[in-house]
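Working notes for the structure below.
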Amino acid sequence: MTRKASILSRLALALAGLLPLAAWPSPVLDTRPVPPTNTRSALPEGWHHGAFMEIFVRGWRDSNGDGIGDLRGLTQSLDHLQELGVRGLWLMPITANADGDHGYATTDFRAIAPEYGTLEDFDELLREAHRRGIGVIMDYVINHSAAQHPMFLQALKGPDNPFRPWFVWSEAMPVGWDIWGKNPWYAAEDQPWLFTGDVKQLPPPSAGAKNFYFGTFGPHMPDFNFRHPPVLQYHEDSLRFWLNRGLDGYRLDAVPHLLEGDAVRWNDQPESRALTKRLQDLIKGYEHRYVVCEATAEPAAYGDPAVCGGAFAFGFVHHYVKAAQGEAESVQKVATHYDVAQGGASPTMATFLSNHDIFAGRRLWDQLGGNERAYRLAAAGYLLQPGTPFIYYGEEIGQAGVPGLPGDLPLRGPYSWTAEPGAAGFTAGTPFRPVASNAATHNLQAQRADPGSLFNFYKTLLALRNTRPSLARGRMEHGFAQGLVAGWQRVHGGERAVVLVNYGTQLAQAQMDKLPPNARLHSALPAGGALATKANAAGQASLYLGPQSVRVLLVNSGAQAVNKAAKPAKKTPAKKGAKAAPKKKAAGKAAPKKAAPKKAPARKPA
């Protein structure tokens, strides 16, 4: 989770309206032990191989007209998510918090944020999602709390308070520390959580200060001390609290920061990895649960089953966007990164094109300047490769960011349901934040009605993924890049699929090899099951690809089987750019013996 200065400033503004420290309320906190119960799952094994959607509940749908999205609004829109084809929901923090926005400053790990609803609303969401075959995981912000968490308020009372060791303290300000341009030790006497500016501009501590607490992400979010056994016990009980209610798993936030060594060894220590594995084991002690971790520096290590068992593929996923922009180096990366024969990355990785953090990039629409052809190519790249894809809410309709706002605020606007001016169908009241800049054209209502829309393209891809095991969980083999054409095979059991993407702006010919001898390749995208090409006895075949187009071929599968699998997407064909090349170029058929047309030159990096 990014804690950029803009986020810290917003949180500080929220804190600035509080009462003086001595008058801060200390609500009763539930710290009771929680034994495991109800460990069975409402979902089948492997449900998490489907695509997820990351949802900012505050920005999804408002059910009561207060301008803030809530759990009931999400429950009421589950049919839409089922129609799209998502199989899982990642809810950004929904627990009680101090920031009133992103939710990562937690004040109670066992309570729903009041503006989002109640525990009963949460239980209803789980029941209705499970009834539709959709799993729900939630963000768990384990590394730190909000500055006004009741435990931290108690810890501030002095060294003898029983909650003092729950956080990390020093009598003198440690020197030599630098985390993202700031010293992460803060003098409690100065109440730095009230500071409203850029945290890097925080005034030096007062002379004589001797109560310094540690906050990786700033003075507003003090780190827990996981060397104090009751801290881990409390969090394990809190994880079970939600699992016992039927939650399907977690996205664990910022786990490389759980335990620090010193000013040099402050990130991704062996103790943090061991602790993460313990958390994974607890969660997976419940049937069919899924865990994914945020570990920006070493994601592959945390994706290993020996640590978290799943992690977001930071450091790689930007290649999906760069390839869509025609960068040859990224086309090569996309074609080979997950190839098992080329030392590919673990398929336990979670892929995405953007999320709620600005360091991961602006909304996809803004990254690509509204280029819908490139948009489709980026989407096809990660939805048709190994790993668990996470669609950021609004991505599937081409939603842009909110204009005129600083920092990461533009990423978290209200979802565009309709073209209604001012609210975009999000609320009957006034939305908590302005709507997207393109809400008038790129909203769900308009996108659903247009067979060639982005929404229907996503729907088509997810239908393929949901009906073809090779695309959902198959290993990736024989990846290749030829100029701006990338291709790979996905294999699961006896099913083999071939994915071809022409990232260039000109007609191109894909030369395939390592196919089964004399294989017949039928078209699954575009749908229809027509014979696209045949391999020769050496397992070689070729096919022309239209400019900026995507093809999915099923190997040795008859047209009837392909038609049956593609039925959910029958009314949502891909747009013109994804179709085969013109007839005179022999598109969709075996390549002629004539010389292939010239390939598009690689574009210069943007």
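Every number here is computed from the coordinates shown, using simple stated rules; none is lab data. Not measured: the values here are computed from a predicted model. Quick reminder, even Gly has a Cβ in these numbers, built from the backbone with ideal geometry, and neighbours come from all protein chains shown.
Site pair Val175 and Thr118 shows an inter-label distance of 5.7 nm when each label is modelled 7 Å from Cα along Cα→Cβ. Here the stretch 161-191 is scanned for amide nitrogen atoms under 19 Å from the site 7 Å beyond the Cα of Ser206 along Cα-to-Cβ, giving 170-174, 185-191.
Between helix 372-383 and the chain there is an angle of about 80 degrees, using the helix long axis and the longest principal axis of the Cα atoms.
In the structure shown, the pairs Lys322/Lys534; Lys157/Lys277; Lys182/Lys322; Lys182/Lys210 are assessed against 25 Å; a Cα-Cα span above that value is assigned to Lys322/Lys534; Lys157/Lys277; Lys182/Lys322. From least to most packed, judged by other beta carbons within 10 angstrom and beginning with the fewest, Ile134, Ile142, Ile358 follow the order Ile358, Ile134, Ile142.
Here the chain is assigned +1 on the Cβ of each Lys and Arg and -1 on the Cβ of each Asp and Glu. Its dipole about the Cα centre then comes out at about 3860 debye. Cβ crowding within 10 Å, taken as a proxy for footprinting-reagent exposure, orders Phe241, Phe359 from fewest neighbours to most as Phe359, Phe241. Taking 0.36 nm per residue of sequence separation and removing the Cα-Cα distance, the Phe359/Ala428 pair yields an extension gain of 21.6 nm. Using a 7 Å offset from Cα along Cα-Cβ at Lys514, what residues in the stretch 315-337 end up with backbone N under 15 Å from the label point? The answer is 332-337. In this structure, Asp281 and His228 have a Cβ-Cβ separation that, at R0 = 25 Å, corresponds to a calculated FRET efficiency of about 0.75. Taking the fewest neighbouring Cβ atoms within 10 Å as the starting point, the ordered list for Trp60, Trp90 is Trp60, Trp90. A Förster radius of 45 Å, combined with the Cβ-Cβ distance separating Asn244 from Ala538, puts the computed FRET efficiency at roughly 0.20. Against the longest alpha carbon principal axis of the chain, how many degrees, from 0 to 90 and to the nearest 10, is the axis of helix 270-283 turned? Roughly 80 degrees between the two axes.
Exceeding 30 Å between C-alpha atoms, which entries from my cross-link table qualify? They are Lys333/Lys514; Lys284/Lys514; Lys200/Lys284. With Cα atoms farther than 30 Å apart: Lys284/Lys514; Lys200/Lys284.
Spherically averaged projected area of the convex hull of Cα atoms, the chain: 26.9 nm². For the pair Gln82 and Glu420 in one chain, pulling the backbone fully straight at 0.36 nm per residue adds 119.3 nm over the alpha carbon distance. Each peptide in 170-181, 518-529 gets a packing score, the mean of other Cβ atoms within 10 Å over its residues, and the list from highest to lowest is 518-529, 170-181. Available extension along the chain between Glu329 and Asp198 is 43.5 nm, counting 0.36 nm per residue and deducting the alpha carbon span.
Ranked highest first by the average count of other Cβ atoms within 10 Å around their residues, in what order do 399-407, 349-357 fall? Don't skip to the end; give the middle numbers.
Working: 399-407: 17.8, 349-357: 23.4.
Ranked by mean Cβ neighbours within 10 Å, highest first: 349-357, 399-407.
In the chain, the calculated helix contribution to ellipticity at 222 nm averages -6500 deg cm²/dmol per residue, counting -39,500 (n - 2.57) for every DSSP H run with n ≥ 4.
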